[in-house]
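The structure appears below as structure tokens.
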Amino acid sequence: MSMGFAYLSSRIEGGLWRLVGPTWIDWMKSGLDELRAQRDLIDQLNVFPVPDGDTGHNMVATVEAALAALHNRSSDALSEVLQRMADGALIGGRGNSGVILSQLLAGFAAAGRDKIAFTPDDLHQAFGQAAITARRYVAQPVEGTILTMADALTQWTVRGDLVSCLTLAVRAGEEALEKTRDQLPQLKETDSVDAGALGYLCLVRGWLRAAQGRGEPTQHPIAPALSAGVEENVYHAGPLRYYYDVEALIYQLRSEDAYAVLERRLAEVGESVVLAPGHKVIKVHVHTDKPVELMEILTAVGDIRQMEWLDMRAQVASRAGSTTLLRIVADPSLHPVFEGFMPVVDAGLGTDAPDTLWVSPSQPLAVAVAVDSVGLAGQLCLEYVPGESWDVNRARLTSMLQRMRSWTVIRTRDGFLCQGRFYATPQAVHQAIRSDMAELGITTIYLSYRADREEANYWQEAFNAALVQCPLETPWMEIVWQP
């Protein structure tokens, strides 16, 4: 890497006055350490917009993605480092808080464009640009959240070097964090502070720790008071109206007004909408209960490169203490597909019992629901509602199973076998399956982990589908469609 005059030491005798690229990398690594140290506490405090307990993990994953994006940088110039991290956070941002965090980093990148280094004045302006950028791309900003923290971190007057400025910023942030207790009804009920706001503050505390040259992160000063009783006061939400947490990366945009179209249409099908624009792409985050309508909106605007669906009902029910979870009965060779996702039982030990999906059973079932494939089981898992009676769940799963279709694809030396027919090329497979899809619906591809990235991208883009790579050997791929 080029290491010219722009990358000389940022520390001048008498203080730290210049923030250059390598220094920003050190700050972000320290911020990541701070977030990791407080991750469980942040998860514990997560009650808004949905009490699904994953804000800490999502923010950690977002910063990890930002740092991972530095591997292919051409220099340590501040402007490039800032932009690479912002791009990485955009692609890898997880959850509502993660996507907003990616836009905070985009604001820092915008403030650092064409700059060799940040001075204390520049840093103050960068905090301001970050707050403006993040708020701009949240459809319905709410106070008492990470956006409020972003504003608070600008409420200081430049005084002294970068260490002094960060000290003032953290002090302003800690005062604002306490005030979030009274800004959201959910936080009042739990007598706690906002998880996303704490996460952003922890990141900046990590920057300060790096600027001061201090070592390992220490316990956050508010942690003892929060952790003492917060779990006893977890906010028990009622039934979720918008229970799918969806993230998608839209590229090959079909019109110049794609952003405006998404902004308008997504408000019709959900909430917690964040639209984060990048270079010829838009990262979408939304909570919805209308998956088919959402797919229609997204595919009308562009092509889907990445898409993830998360059913938040299971997360919320688990956190609220629900002990009834769906279990899978399957051959041991299929266990790795489900392990870590939900309980899985060996087919030889399975019982025909409530709250059970049985993959390819060898006996008739009177109580459990039988499915023929991994993909169908995976899709039905998203329809199961913890806490509801098995009779209600079983009726819903059975109805959905009757409407779903799946295609198994086996790779051979010369091509592909699909539903007993041979096809020489992936394009031929795609054409045959697409012609069988009667109408627009949700398509999910379960693909062998042995497939390389190029092939995975082809199938995902060809079907505008969500992609799940898992330890499948045969079939090589299963495509599941539901209306």
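The values are calculated or read from the model by the stated rules, or taken from the named source; none is laboratory data. Computed from a predicted model, the values in this text were never measured in an experiment. Counting neighbours? That spans all protein chains shown, and the Cβs are built from the backbone with ideal geometry, glycine included.
Per-residue answers, yes or no, for (1) among the hydroxyl-bearing types (S, T, Y); (2) out of contact with any strand residue (DSSP E or B) (no Cβ under 7 Å at 6 or more places or on another chain); (3) modelled with pLDDT of 95 or more; (4) not assigned by TED's automatic domain parsing to the domain that holds A130:
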residue	(1), (2), (3), (4)
S9	yes, yes, no, no
G14	no, yes, no, no
W24	no, yes, yes, no
P51	no, yes, no, no
N72	no, yes, no, no
G98	no, yes, no, no
A111	no, yes, yes, no
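Can you tell me which residue within segment 302-329, out of those that are out of contact with any Phe, Trp or Tyr (no Cβ under 7 Å at 6 or more places or on another chain), modelled with pLDDT of 75 or more and surrounded by 21 or more Cβ atoms within 10 Å (Cβ to Cβ), is farthest from S272 (Cα to Cα)?
Filtering segment 302-329 for residues that are out of contact with any Phe, Trp or Tyr (no Cβ under 7 Å at 6 or more places or on another chain), modelled with pLDDT of 75 or more and surrounded by 21 or more Cβ atoms within 10 Å (Cβ to Cβ), the one farthest from S272 (Cα to Cα) comes out as I304.
Only one of G206, G144, G173 is closer than 30 Å to L266 by Cβ, surrounded by 16 or more Cβ atoms within 10 Å (Cβ to Cβ) and not acidic (D, E). Can you tell me which? Give the derivation first.
Values: G206 fails: closer than 30 Å to L266 by Cβ; G173 fails: closer than 30 Å to L266 by Cβ.
It is G144.
Might you check whether a residue that is at pLDDT 85 or above, basic (K, R) and surrounded by fewer than 21 Cβ atoms within 10 Å (Cβ to Cβ) occurs anywhere in segment 379-394?
Yes, segment 379-394 contains a residue that is at pLDDT 85 or above, basic (K, R) and surrounded by fewer than 21 Cβ atoms within 10 Å (Cβ to Cβ).
Only one of these is among the polar types (S, T, N, Q), part of a helix (DSSP H, G or I), out of contact with any helix residue (DSSP H, G or I) (no Cβ under 6 Å at 6 or more places or on another chain) and not assigned by TED's automatic domain parsing to the domain that holds A248: Q44, Q38. Name it.
Values: Q38 fails: out of contact with any helix residue (DSSP H, G or I) (no Cβ under 6 Å at 6 or more places or on another chain).
Selected residue: Q44, the only one of Q44, Q38 that is among the polar types (S, T, N, Q), part of a helix (DSSP H, G or I), out of contact with any helix residue (DSSP H, G or I) (no Cβ under 6 Å at 6 or more places or on another chain) and not assigned by TED's automatic domain parsing to the domain that holds A248.
Going by what's in this entry, would T412 be described as surrounded by fewer than 17 Cβ atoms within 10 Å (Cβ to Cβ), hydroxyl-bearing (S, T, Y), without any contact (Cβ under 8 Å) to a residue 12 or more places away in the chain and touching a strand residue (DSSP E or B) at 6+ places or on another chain (Cβ under 8 Å)?
Details: surrounded by fewer than 17 Cβ atoms within 10 Å (Cβ to Cβ): yes; hydroxyl-bearing (S, T, Y): yes; without any contact (Cβ under 8 Å) to a residue 12 or more places away in the chain: yes; touching a strand residue (DSSP E or B) at 6+ places or on another chain (Cβ under 8 Å): yes.
Yes; evaluated as a whole, the condition is true for this residue.
Please go through segment 159-185 and give me each residue that is over 21 Å from P141 (Cα atoms), in contact (Cβ under 8 Å) with a residue 60 or more places away in the chain and not in a helix (DSSP H, G or I), ordered by number. Even if it seems obvious, please write down each step before you answer.
Just the residues of segment 159-185 that are over 21 Å from P141 (Cα atoms), to begin with: 159-171.
Narrowing further to those that are in contact (Cβ under 8 Å) with a residue 60 or more places away in the chain: 160-164.
Scanning segment 159-185 gives G160, D161.
Among the residues of segment 435-447, which ones are modelled with pLDDT under 85 and over 20 Å from the mean Cα position of the chain (by Cα)?
Matches in segment 435-447: S435, D436, M437, A438, E439, L440, G441.
Considering segment 119-138 alone, what residues qualify as being touching a strand residue (DSSP E or B) at 6+ places or on another chain (Cβ under 7 Å) and within 27 Å of V281 (Cβ to Cβ)? Give the derivation first.
Going through segment 119-138, the residues touching a strand residue (DSSP E or B) at 6+ places or on another chain (Cβ under 7 Å) turn out to be 123, 126, 137-138.
Of everything in segment 119-138, those that are touching a strand residue (DSSP E or B) at 6+ places or on another chain (Cβ under 7 Å) and within 27 Å of V281 (Cβ to Cβ) turn out to be A126, Y137, V138.
Assess whether A451 counts as being at pLDDT below 85 and surrounded by 15 or more Cβ atoms within 10 Å (Cβ to Cβ). So that I can check it myself, show each step before the final result.
Details: at pLDDT below 85: yes; surrounded by 15 or more Cβ atoms within 10 Å (Cβ to Cβ): yes.
Here the answer is yes, as A451 does meet what is asked.
Working only within segment 387-407, note down all residues that are part of a helix (DSSP H, G or I) and without any contact (Cβ under 8 Å) to a residue 12 or more places away in the chain. Explain how you work it out, then say what you get.
First pass over segment 387-407, keeping only residues part of a helix (DSSP H, G or I): 390-403.
Correct list: D391, V392, A395, S399, Q402.
For S74, indicate whether it is in contact with a Gly (Cβ under 6 Å, 6 or more places away or on another chain), surrounded by fewer than 23 Cβ atoms within 10 Å (Cβ to Cβ) and of a type in the set (S, T, N, Q).
On the way: in contact with a Gly (Cβ under 6 Å, 6 or more places away or on another chain): no; surrounded by fewer than 23 Cβ atoms within 10 Å (Cβ to Cβ): yes; of a type in the set (S, T, N, Q): yes.
When the stated conditions are applied, S74 does not pass them.
Pairs needed: first member in segment 186-198, not assigned by TED's automatic domain parsing to the domain that holds N58; second member anywhere, part of a helix (DSSP H, G or I) and surrounded by fewer than 24 Cβ atoms within 10 Å (Cβ to Cβ); C-beta distance under 7 Å; at least 6 residues apart or different chains.
If the second residue must be part of a helix (DSSP H, G or I) and surrounded by fewer than 24 Cβ atoms within 10 Å (Cβ to Cβ), no pairs are left.
Condition first: touching a strand residue (DSSP E or B) at 6+ places or on another chain (Cβ under 6 Å) and assigned to a helix (DSSP H, G or I). Now tell me which residues in segment 335-373 satisfy that.
H335, V337, F338, A347
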